[in-house]
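Colleague: After the structure tokens below, expect a handful of questions from me.
The values are calculated or read from the model by the stated rules, or taken from the named source; none is laboratory data. Just so you know, these numbers come straight off a predicted model, no measurement behind them. When we count neighbours, we look across all protein chains shown, and the Cβ atoms used for this are built from the backbone with ideal geometry, even at glycine. Areas reflect the complete protein model, heavy atoms only, side chains present, ligands, DNA and RNA absent. Shrake-Rupley method; radii C 1.70, N 1.55, O 1.52, S 1.80 Å.
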Amino acid sequence: MGVRSFLLRRAMGRLRITDDIVRHLSTFQRLGETIEVQLPGELLPVGARTVFRALRTRAAAQIGEEWLWPHWLERQLDPGSPAFVPRGHLPFLTNLTARNWTAIGNVSSPWEAVVDPRGLVTPWYDGWSLDWWVGAEDRWHLPSREVAVRQRLVHATPVVETAMRVPGGDVVHRAYAVSGPSELVVVEVENQTPVPVALALAVRPYNPEGLAVIERIELHDGHVVTVDGRVALVLPERTARMTASTFHDGDSLHAVVAGDAGTSLPDVRCEAGLAQAAFIVPLPHRQTVRAIVPLRAERRTRRRGLTRRRVARGPDLPRALPTAAQVASGWRTHGERGVRLELPDTRLAEAVDANRRYLLLFHDGADITPGPLTYHRFWFRDAAYLLAAMGRYGLHDEVAQVLRTWPERQHVDGFFFSQRQEWDSNGAALWSLAEHWRLTRDTDLVAGMTHSIAKGAHWIERKRRSKRRRRDPALAGLLPASISAEHLGPFDYFYWDDFWCLKGMEDAATLLRVAGARESAAEVATEAAAFRRDLDASLALVAERLGTPAIPAGPRRRIDPGVVGSLVACHPLGLMAPDDPRIMATADVLRGRFTRGPAFYQAISHTGLGTYLTLQLAFVELEAGDRRALERLRWLLDAATDTWTWPEAIHPQLGGGCMGDGHHGWAAADFLSFVRTLLVRETGDGGVALCSLLPDGWEGQGLEVHHAPTHAGRLSYALRWHGERPALLWELDPHPDAGAVTITAPGLDPTWSSTDARGEALLAPYAPPSPGSRPSEPPDAGSFA
């Protein structure tokens, strides 16, 4: 026993935490590899916030039975709801059934607000929310409890419209962001009924993840609301009545419903951090009321003088705010940049349009983040998928803006750092830069990063040869144990890291050659070849041990759901072909043991139906010409929210989000990349495949793809039909070094190909595939190469 362990056990003993209790922790560590270095300190604040928020939410909810809670919590607390979650002895309560929300914000801004499915707007990270209640002629209607609530995007843009049915028609709530001297969230509520209603704008101490902290609420100048010394809400000046309360005095909703709201705001100080207030304004028939919320949160303060100064310099409600329709029009203009698609499936087309605009929200200037709330921070792993999708849709300037920060994110030893113990980051960073170059031939950007590229590649070589005791020959030449992606399991040796870093080294050699550093390129290429041999040897040993060529999550793992991570060797990295026996066996075991219908069920960490993980299997099937890929795409479309968003994982019974950010950037990026790959796909021989599979219902309908970046150059094509025969018109503007590019259309006519850069062709009559058709079995493949 080490000194630290001895001291820790002594300290726990004084707290009457006996040795048999401590063993739960010590044996937990050994479910994976023993952690040899400290856990990532970057995750401690995130973990502490999650735990303390869940602890506080449980405590308040169980004694706040008369409170109005957000939609997800109302359902989880209701024993009559299918979403009811018993708490038992666990002291935590968090959103496990409806992690669904929609980001709103401005282009290239680091700040996003989120809107839940009932129109609850959360403008600040882990902060308070703005709810809306409608007093109609019969009663007060509360969106989080109502059934007749619908939500959609305005013209597939980040303008979220939530409609609630009341007697006489709908009251419609819209939320969107505008920029100017300051960035604002605009909340507009329109009364579409023929009679007047009352509207309550309510400051609530919770958000889609749990409780928030509000200790003080104040009203300044009759229409500016501050929350804990920060300007939070600017109301219309015709606010009629208002009320506020603390946790111990009860929910302010009751005063609203009872008609007891007053004409001034009482002094609100809540030691429990659950202060709330409601501001009631008249809303005549066919009229609209607007309020604004600053998108950027300032620091909390108890200083009254500072609060007054913030109010004085804060935003006022402009007389001419952009309307929701005007903001949607601006977003549509942004969405027209890059690739232009004309698809026969209007539902799919709307989902693509919406998610292309969402990509611009996830792009925060020099950063790119995989979510607006839970995951609003940078990781190289997620960035790789997001940047690839942006590049494939022609958003090259935004991609380059993020890539230019790579040297700043790199440690002196060459480690591309976003979190400790994540060894895939160097591979992801180098692959992202290479993918951008393959699509654009942006040699200037590559040339400016030569030193950083070489350092990153050499870091991989040093790390995989680090001198730690590795008696297992299957670990020889591989990267050390790591945290890696949470969906792979506890701390362990992961092939995921090895695949990413091998591809990163191979791409680094290519980039160094492009930059003219031939000696360095040759050295890195030699190291990459040795890495490939070591990895191939490890896979062979593990296949012999397991009795199957299916690739487990790591050399010491059995076949479990973590095998899904091994498919990256095929897509997007291209290290293995889709007909490689190892990839085929891995896909087969996933389909046979770990899917629920078309969706992949991830029992590790996520415990839900994986969104981007289901697409990981679909990508491999698409490359293999397997129509099961289209079944997974249909499932994903059906699983989307009404605003075309996806969480990280979906509750298998309820269909709501159960894990991760409720608007997940990786899922959005992979959806876009899948549609693009379906229409335009690079092949292993340097060619381009058009329409790899033709979805059901597309036969006889035209489609167009314009200005699609590919590894071979910029491609456009149109599909038309002459009876049963598809006709292609295409034009490729090749990269100067592309040479002859073979163009095929395997989903239309597997026998056709052309090396002409532009032309037209009438293909053979289209033969619709028979139900359940699968690609033919390929011959046995050889080694890893």
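Colleague: Explain nothing, just the number: relative contact order of the chain, from Cα pairs under 8 Å at least 6 residues apart, as a whole percent.
Modeller: Here the relative contact order equals 11 percent.
Colleague: Order of 262-268, 393-399 by packing, highest average Cβ count within 10 Å first?
Modeller: 393-399, 262-268
Colleague: Something else: In debye to the nearest 20, how big a dipole does region 553-673 give about its Cα centre with +1 on each Lys and Arg Cβ and -1 on each Asp and Glu Cβ?
Modeller: Value, rounded to 20: 440 debye.
Colleague: Local charge sum around V134 (other residues, Cβ-Cβ under 13 Å, Lys/Arg +1, Asp/Glu -1)?
Modeller: -2
Colleague: To the nearest Å, what is the center-to-center distance of region 276-312 and region 461-515, using C-alpha atoms only?
Modeller: The two parts, judged by their Cα centres, are 51 Å apart.
Colleague: While we're looking at this one, here's another question. FRET efficiency for D588 and Q653, Cβ-Cβ distance as r, R0 = 22 Å, nearest 0.05?
Modeller: Step by step, r from the Cβ atoms, then E = 0.25.
Colleague: Taking amide H positions as placed 1.01 Å from N in the peptide plane, with prolines and chain starts having none, which residues 5 or more places from R725, or on another chain, fall under 5 Å of its amide H?
Modeller: Amide H neighbours of R725: Y766.
Colleague: Here's another thing I want to ask about it. Using alpha carbon coordinates only, what is the Rg to Rh ratio of region 211-258, with Rh defined as the Kirkwood radius?
Modeller: Taking Rg over the Kirkwood Rh, I get 0.97.
Colleague: Across region 560-568, in residue order, what do the Karplus-derived ³J(HN,Hα) couplings come to in whole Hz, using 6.51 cos²θ - 1.76 cosθ + 1.60 with θ = phi - 60° and x for Gly and Pro?
Modeller: Values per residue, Gly and Pro as x: 9, x, x, 4, 4, x, 6, 5, 4 Hz.
Colleague: Pulled fully out, how much extra length does the chain show between S179 and R49, if you take 0.36 nm times their separation in residues and subtract their Cα-Cα distance?
Modeller: 43.8 nm
Colleague: 7 Å from Cα along Cα→Cβ at both E137 and Q287: what's the point-to-point distance in nm?
Modeller: It is 1.8 nm.
Colleague: If you roll a 1.4 Å probe over the heavy atoms of the protein chains, what accessible area per residue do you get for the chain, in Å²?
Modeller: That works out to 40 Å² per residue.
Colleague: Dividing the Cα convex hull volume of region 638-695 by residue count, how many Å³ per residue is that?
Modeller: Hull volume over Cα atoms, normalised by residue count, gives 110 Å³.
Colleague: Next up: Counting Lys and Arg as +1 and Asp and Glu as -1, what is the net charge of the other residues whose Cβ lies under 9 Å from the Cβ of W730?
Modeller: Around W730, the surrounding residues sum to -2.
Colleague: Same structure, new question: Checking the cross-link filter: which lysines have an alpha carbon closer than 17 Å to that of K503, excluding same-chain neighbours under 8 positions apart?
Modeller: Result set, ordered by chain and number: K455, K463.
Colleague: Along the Cα→Cβ direction, 7 angstrom out, place labels at A727 and A312. What is the inter-label distance in nm?
Modeller: Going by the 7 Å Cα→Cβ label model, 7.3 nm.
Colleague: Here's another thing I want to ask about it. Between S770 and D685, what is the label-point separation in nm under the 7 Å Cα-to-beta-carbon projection?
Modeller: With each label placed 7 Å out from Cα toward Cβ, I get 2.8 nm.
Colleague: Right, next: Counting only Cα atoms, I'd like the Rg/Rh figure for region 79-223, Kirkwood definition for Rh.
Modeller: 0.98
Colleague: Using amide H atoms built in the peptide plane, which far-off residues or other-chain residues are under 5 Å from L703 H to H?
Modeller: Result for L703 returns L719.
Colleague: Now a separate question. Could you give the length gained by full extension between E486 and E65, i.e. 0.36 nm per residue of separation minus their alpha carbon distance, to one decimal place?
Modeller: Gain on stretching E486 to E65: 148.0 nm.
Colleague: How large is ³J(HN,Hα), in whole Hz, for each residue of region 450-466 in order, when computed from phi with the Karplus curve 6.51 cos²θ - 1.76 cosθ + 1.60 and θ = phi - 60°, using x for Gly and Pro?
Modeller: For region 450-466, the Karplus-derived couplings read 3, 5, 5, 5, 5, 4, x, 5, 5, 4, 4, 4, 5, 5, 6, 9, 4 Hz, x marking Gly and Pro.
Colleague: Express the Stokes-Einstein translational diffusion coefficient of region 446-567 in µm² s⁻¹, to the nearest whole number, given a Kirkwood radius over alpha-carbon pairs, 10 °C and a viscosity of 1.306 mPa s.
Modeller: Calculated translational D: 106 µm²/s.
Colleague: Could you give the size of the charge dipole of the chain about its Cα centre, using +1 on the Cβ of each K and R and -1 on the Cβ of each D and E, expressed in debye and rounded to the nearest 20?
Modeller: Roughly 2520 debye, rounded to the nearest 20.
Colleague: Using per-residue counts of other Cβ atoms within 10 Å, averaged over each peptide, order 689-698, 452-461 from highest down.
Modeller: Order by mean packing, descending: 452-461, 689-698.
Colleague: On to the next question. Using θ = phi - 60° and the Karplus relation 6.51 cos²θ - 1.76 cosθ + 1.60, list the HN-Hα couplings for region 270-278 in order, rounded to whole Hz, with x at every Gly or Pro.
Modeller: 10, 5, 7, x, 10, 5, 8, 8, 9
Colleague: While we're looking at this one, here's another question. Grab the beta carbon distance between H254 and R556, set R0 = 56 Å, and tell me the FRET efficiency rounded to 0.05.
Modeller: Efficiency computed from Cβ-Cβ geometry: 0.45.
Colleague: What is the gain in length, in nm to one decimal, between R758 and S81 on full extension, counting 0.36 nm per residue of separation less the C-alpha to C-alpha distance?
Modeller: Stretched fully, the R758-S81 segment lengthens by 237.8 nm.
Colleague: Using the Kirkwood formula on the Cα atoms of the chain, what hydrodynamic radius do you get, in angstrom to one decimal?
Modeller: Across the chain, the inverse of the average 1/r is 28.2 Å.
Colleague: What is the pair-distance distribution P(r) of region 243-342, computed from all Cα-Cα distances in 10 Å bins starting at 0, with each bin given as a whole percent?
Modeller: Reading the bins upward from 0: 11, 24, 32, 21, 9, 4.
Colleague: What's the carbon and sulfur percent of region 103-155's accessible surface, probe 1.4 angstrom, rounded to a whole number?
Modeller: Solvent-exposed carbon and sulfur of region 103-155 make up 52 percent of the total.
Colleague: Within the P(r) computed for region 35-147, what percentage of the Cα pairs occupies the region above 23 Å?
Modeller: Tail of P(r) above 23 Å: 42 percent of Cα pairs.
Colleague: Along the charge dipole of region 519-624, which of T586, A528, Q602 sits closest to the positive end, that is, farthest toward it, with unit charges on the beta carbon of Lys, Arg, Asp and Glu (+1, +1, -1, -1)?
Modeller: The Cα lying farthest towards the positive end belongs to Q602.
Colleague: Still on this structure: Roughly how big is region 629-785's charge dipole about its Cα centre, with Cβ charges of +1 (Lys, Arg) and -1 (Asp, Glu), in debye to the nearest 20?
Modeller: Magnitude of the dipole: close to 140 debye.
Colleague: Something else now. Which value in deg cm²/dmol, rounded to the nearest 500, describes the helix-derived mean residue ellipticity at 222 nm for the chain, given -39,500 (n - 2.57) per DSSP H run of n ≥ 4 and division by the residue count?
Modeller: After summing the helix terms and dividing by residue count, I get -10500 deg cm²/dmol.
Colleague: 5 Å is the cut-off here: which amide hydrogens, built 1.01 Å from N in the peptide plane, fall below it relative to R627, excluding neighbours closer than 5 in sequence?
Modeller: For R627, whose amide H was placed from the backbone, there are no distant partners under 5 Å.
Colleague: Show me 173-179, 149-155 ranked by packing, highest mean number of other Cβ atoms within 10 Å first.
Modeller: By packing density, highest mean first, the sequence is 173-179, 149-155.
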